[in-house]
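Asks: Sharing a structure below in structure tokens format, with a few things to ask.
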Amino acid sequence: MVEAIYKSTREERERWIKEAKYNLFNLKSDHVFIDLLTDSGTGAMSDKQWARLMLGDESYAGARSYHALKDAIREILGFEFFLPAHQGRAAENVLYSTIVRAGDVLPGNSHFDTTKGHIEFRGATALDCTIDEAADTSLEIPFKGNIDLARLEAALKKYPREKIPAVVLTVTNNTAGGQPVSMENIREVSRLCRRHGVPLQMDSARFAENAYFIKTREKGYENRSIKEIVKEMFSFVDIMTMSAKKDAIVNMGGFVAFRSEELWKRCQMFCIMNEGFITYGGMSGRDMNALAGGLDEGTEWDYLESRVRQVAYLGEKLDEYGIPYQRPAGGHAIFVDAARILTRVPREEFIAQTLAIELYLEAGIRGVEIGAILADRDPVTRENRYPRLELLRLAFPRRTYTNNHVDVVAAALKNVHDRRERVTRGYVITKELPIMRHFTVELDVAG
Ligand code: F0G
């Protein structure tokens, strides 16, 4: 399916962004020319997936569509037990309602914001053990999403086993720039977890892109298929949470899968309470059917290659223009290094958000801030947390835009980059929620 997009004038965009309280989530999609806010649920389903929608079985319990999804999860991911959920954070809710208690610690690699939100909401701590190299955007290493094994081991030794309900390994590491985790790192993390008797949870939203990078960057995997690599990745994992809106290429859906039948049974209560009966958990039969197909298509080499190469293409354009971004190019997005561009904007005025607004004003392109607004306040001190990086994420919907759109994005960024010295002030927060404020935050021009 194709859809028209509309150009607008700078005057219109100035008005719309002001009305949106300088929060790009508040814009109408019709006021956006190229929408790189997220790759989540924004992709195009294939002809085969649309055909599967027509074949959806809407029985309340034991639907054929549920069994189609169950078969796909067993065959492609290697998990016997799972609970459907309406999206990734709902899967997290079902799992963490069951296993996380106040005072617990969940070490991991740059937990995604909803994951961190679910952990902190329960009075537990999301302990970031990402390798330090991830904070140096100019450093070109193949697996910048990895966990620092020494830091993880120290955490596993420091806290008693019953205080660590899981280690959370996010693939690819979204917050650090869509950066992959190597098979070696997955294996070693799993070994540490097993030694300390702690389950390993994989936040698997972009597991297939991670497998692509293992195949193309890690020695010994060149001749293995994506599906073989995916199976091996999950062989090290006890629990997987999945936002199917990413690498399963559906507009809505998710699930949590388990190695342990006992844990699967314990989690059923929260699935039934919050999502729905255990054979549909928040999804229509047709959506489960399309999701089953998406797991298969999303783990095909040809699709993955064209997708990841489109992101790399934007990276090459930015190289040409001398615009800094998290290197190497990530799986689903380019993360522009805002702090190295808008050097005159103080961090208290939200550097990456300022760049996001500048890019919108320039050409109607919508990206998203991965910086101090997203990082939220410290749950105890309530002070703003300033992360090591201020990034503007430009995420690519799957199978949606052409490289012609990418050229427009690159040219617009170049224009902003050319006038970067003239951007000296950012924004201040006028309204915010106590947790996950970035979605609804209201801002005003600073000064
Ligand atoms: N985990 C990761 C790594 C994610 O990137 C997301 C969502 C989730 C979990 C939650 O899944 O949205 O289905 O509830 N990321 C989107 C993004 C929103 O734009 O990166 P969800």
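The values are calculated or read from the model by the stated rules, or taken from the named source; none is laboratory data. This one's a predicted model, so the numbers in the text were calculated from it and none came from an experiment. No Cβ is skipped: glycine too gets one built from the backbone with ideal geometry, and neighbour counts run over all protein chains shown. In case anyone asks, the SASA skips ligands and DNA or RNA and just uses the protein heavy atoms, side chains included. Shrake-Rupley method; radii C 1.70, N 1.55, O 1.52, S 1.80 Å.
Asks: Give the residues of the range 312-343 that are closer than 19 Å to T402 by Cβ and open to solvent by 10 Å² or more (accessible area, probe 1.4 Å), sorted by residue number.
Replies: If the condition is that a residue be closer than 19 Å to T402 by Cβ and open to solvent by 10 Å² or more (accessible area, probe 1.4 Å), then A312, Y313, E316, K317, E320, A329 are the ones that fit.
Asks: Taking the stated definitions as given, is A205 buried (at least 24 other Cβ atoms within 10 Å of the Cβ), more than 26 Å from P84 (Cα to Cα) and not assigned by TED's automatic domain parsing to the domain that holds R398?
Replies: Here the answer is no, as A205 does not meet what is asked.
Asks: Here is a follow-up. Of all residues being open to solvent by 10 Å² or more (accessible area, probe 1.4 Å) and of a type in the set (A, V, I, L, M) in the range 365-395, which is nearest to I131 (Cα to Cα)? Just the residue, please.
Replies: Checked the range 365-395; the qualifying residue nearest to I131 (Cα to Cα) is L389.
Asks: Out of curiosity, is V230 in a helix (DSSP H, G or I), farther than 18 Å from S65 by Cβ and touching an Asp or Glu at 6+ places or on another chain (Cβ under 9 Å)?
Replies: Against the criterion (in a helix (DSSP H, G or I), farther than 18 Å from S65 by Cβ and touching an Asp or Glu at 6+ places or on another chain (Cβ under 9 Å)), V230 does not qualify.
Asks: Of all residues in the range 372-400, which are touching a helix residue (DSSP H, G or I) at 6+ places or on another chain (Cβ under 9 Å) and more than 16 Å from the ligand (Cβ to nearest atom)?
Replies: A372, R377, P379, N384, R385, Y386, R388, E390, R399
Asks: Right, another one. Can you pull out the residues in the range 238-275 that are away from the ligand (no atom under 11 Å from the Cβ) and either charged (D, E, K, R) or free of Cβ contacts under 8 Å to residues at least 12 places away in the same chain (or both)?
Replies: Hits for the range 238-275 are D238, R259, E261, E262, K265, R266, I272, M273, E275.
Asks: Of all residues being within 16 Å of I239 (Cβ to Cβ) and open to solvent by 20 Å² or more (accessible area, probe 1.4 Å) in the range 98-125, which is nearest to the ligand (Cβ to nearest atom)? Just the residue, please.
Replies: F112
Asks: Can I ask one more? Out of curiosity, is R309 open to solvent by 50 Å² or more (accessible area, probe 1.4 Å) and part of a loop (DSSP other than H, G, I, E, B)?
Replies: no
Asks: On the basis of being free of Cβ contacts under 8 Å to residues at least 12 places away in the same chain, surrounded by fewer than 19 Cβ atoms within 10 Å (Cβ to Cβ) and under 26 Å from A410 (Cα atoms), does K28 make the cut?
Replies: no
Asks: Restricted to the range 54-88, and to residues that are part of a helix (DSSP H, G or I) and open to solvent by 30 Å² or more (accessible area, probe 1.4 Å), which residue is farthest from V168 (Cα to Cα)?
Replies: Here the residue is M54.
Asks: OK, next. Report yes if some residue within the range 47-64 is within 15 Å of the ligand (Cβ to nearest atom) and more than 17 Å from E275 (Cα to Cα); otherwise report no.
Replies: Within the range 47-64, not a single residue is within 15 Å of the ligand (Cβ to nearest atom) and more than 17 Å from E275 (Cα to Cα).
Asks: Restricting to the range 320-354, what's the tally of residues that are away from the ligand (no atom under 16 Å from the Cβ), among the aliphatic types (A, V, I, L, M) and within 15 Å of V409 (Cα to Cα)?
Replies: So the answer is 1.
Asks: Within the range 127-160, work out how many residues are within 16 Å of the ligand (Cβ to nearest atom) and open to solvent by 20 Å² or more (accessible area, probe 1.4 Å).
Replies: Adding up the residues that qualify gives 2.
Asks: Let me ask you something else. Quickly run through the range 6-29 and pick out the residues that are part of a loop (DSSP other than H, G, I, E, B) and more than 25 Å from the chain's Cα centre (by Cα).
Replies: Y6, K7, S8, T9 - these are the residues of the range 6-29 that are part of a loop (DSSP other than H, G, I, E, B) and more than 25 Å from the chain's Cα centre (by Cα).
Asks: Next up: Of the numbered conditions (1) in contact (Cβ under 8 Å) with a residue 40 or more places away in the chain; (2) within 29 Å of R340 (Cβ to Cβ); (3) surrounded by fewer than 23 Cβ atoms within 10 Å (Cβ to Cβ), S190 fails exactly one; give the number of that condition.
Replies: (2) is the only condition that S190 fails.
For (1) among the basic types (K, R); (2) closer than 18 Å to L169 by Cβ; (3) within 21 Å of the chain's Cα centre (by Cα), each residue gets a yes or a no:
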residue: K215; (1), (2), (3): yes, no, yes
residue: E218; (1), (2), (3): no, yes, no
residue: S225; (1), (2), (3): no, no, no
residue: E232; (1), (2), (3): no, yes, no
residue: V237; (1), (2), (3): no, yes, yes
residue: M240; (1), (2), (3): no, yes, yes
residue: A248; (1), (2), (3): no, no, yes
residue: G253; (1), (2), (3): no, no, yes
